[in-house]
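Here's the structure we're looking at; comments come further down.
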Amino acid sequence: MSDNSIKIFTGNSHPELAQLVANRMGIDIAKAVVTKYSNQETSVTIGESVRDEDVFIIQSGCGEINDNLMELLIMINACKTASARRITAVIPCFPYARQDKKDKSRAPITAKLTANMITVAGADHVITMDLHASQIQGFFNIPVDNLYCEPPMIKYIRTQIDDWTNAIIVSPDAGGAKRATAIADRLNLDFALIHKERKKANEVSRMVLVGDVRGKIAILVDDMADTCGTLGLAAKTLVENGAEKVYAIVAHGILSGKAIKVINESVIEKLVVSNTIPHQDKMAVCPKLDVIDISPTLAEAIRRTHNGESVSYLFSHVPE
């Protein structure tokens, strides 16, 4: 056991999640004031000593992404210059994770730039959840723990979906096939895949189902739902192919643009997202939305990191 204590700080991106993590660990959130000056510059004041302490800063990449990223960088730097022993950036939803490769000429690899900024600001360690591409871990020269929403998702399917043994796990695109097959194997269920053809980003033109969903409950599994165009079309394709019901389970529910309208009008029974991103306002206008709490996983990862224990147990188990 370390002789120094855990200090959990939070920016303005997702204070509710930070509070849940702190409650789970039985500690208070450390004092910090993160505001904006009238000229829109971010101001951070750390309200208590962090000298020689183990600092964890919880800040998700959502909402005003650039402001939240800047808050995180300034908070890391403030703690570093205040002589913190170790600074861990806990980033439940990693910003710019989709800009992770040169998919066309002159495209920036912004995820790498983000990794560089976090490292240069002074982070010693990063904890994140369900990276869009796990290679992003290689963009950092510091340790990265990429936790998975998979165990809580599996628990949800087993406890909340009636007749789940008659389900089939479906990946809405080829990229998510690995994630979906992993869940299908754990639940001992069949697997199907939807091949989509895109004309331009965020717009899907045509979908082809590979696999048999007739008479089954289809569970769409993906790592993020943004405008939900893909999910809406995928659900429609599944019902046209004879699926009885369609559920969608997604790690990061970004739900931007017309997402709520698309989900409300779609054939999806429930869209299940994790609370890596705050959803209180959206739940009020979307009765189909259901949220899985991942704070126990984050809290346990923080505790294990602090005590120098292995985190790999969390890759396949939900903390009790």
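The values are calculated or read from the model by the stated rules, or taken from the named source; none is laboratory data. Quick caveat, the model's predicted, so the values are computed rather than measured. So basically every Cβ, Gly included, is an ideal-geometry build from the backbone, and we count neighbours across all protein chains shown. These area figures cover heavy atoms from the full protein model, side chains too; ligands, DNA and RNA do not enter into them. Shrake-Rupley method; radii C 1.70, N 1.55, O 1.52, S 1.80 Å.
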>> Here is a check on your reading of the model: is Lys196 assigned to a helix (DSSP H, G or I), open to solvent by 10 Å² or more (accessible area, probe 1.4 Å), over 15 Å from Ser266 (Cα atoms) and out of contact with any Leu (no Cβ under 7 Å at 6 or more places or on another chain)?
In response: no
>> For the structure I just gave you, tell me whether Asp281 is outside any loop (DSSP other than H, G, I, E, B) and open to solvent by 20 Å² or more (accessible area, probe 1.4 Å).
In response: yes
>> I need the strands (runs of 3 or more DSSP E) fully contained in the range 1-114, keeping only those with at least 3 residues that are over 21 Å from the mean Cα position of the chain (by Cα) and outside the structural domain of Asn275 (by the TED database).
In response: 32-36, 42-46
> Does Met224 count as open to solvent by 60 Å² or more (accessible area, probe 1.4 Å), under 20 Å from His14 (Cα atoms) and of a type outside the set (Val, Ile, Thr)?
Replying inline: no
> Of the residues Val291, Val311, Val250, Val267, which single one is buried (at least 24 other Cβ atoms within 10 Å of the Cβ) and out of contact with any Pro (no Cβ under 8 Å at 6 or more places or on another chain)?
Replying inline: Val250
> (1) over 22 Å from Arg186 (Cβ atoms); (2) in a loop (DSSP other than H, G, I, E, B); (3) at pLDDT 95 or above; (4) out of contact with any helix residue (DSSP H, G or I) (no Cβ under 6 Å at 6 or more places or on another chain): which one isn't true of Thr276, the others all being true?
Replying inline: (1)
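Conditions (1) open to solvent by less than 10 Å² (accessible area, probe 1.4 Å); (2) in the same structural domain as Ile76 (by the TED database); (3) farther than 30 Å from Ile8 by Cα; (4) part of a loop (DSSP other than H, G, I, E, B), marked per residue:
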{"residue": "Val126", "(1), (2), (3), (4)": "yes, yes, no, no"}
{"residue": "His132", "(1), (2), (3), (4)": "no, yes, no, yes"}
{"residue": "Ile142", "(1), (2), (3), (4)": "no, yes, no, yes"}
{"residue": "Thr159", "(1), (2), (3), (4)": "no, no, yes, no"}
{"residue": "Ile169", "(1), (2), (3), (4)": "yes, no, yes, no"}
{"residue": "Ala180", "(1), (2), (3), (4)": "yes, no, yes, no"}
{"residue": "Arg186", "(1), (2), (3), (4)": "no, no, yes, no"}
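Could you please find all residues in the range 22-31 being under 21 Å from Arg85 (Cα atoms) and out of contact with any Asp or Glu (no Cβ under 8 Å at 6 or more places or on another chain)?
In the first step, residues of the range 22-31 are kept if they are under 21 Å from Arg85 (Cα atoms); the result is 22, 25, 27-31.
Listed by number, the residues that qualify are Met25, Ile27, Asp28, Ile29.
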> Could you list, in sequence order, the residues of the range 70-93 that are open to solvent by 10 Å² or more (accessible area, probe 1.4 Å) and either within 17 Å of His252 (Cα to Cα) or of a type in the set (D, E, K, R) (or both)?
Replying inline: Glu71, Lys80, Arg85, Arg86
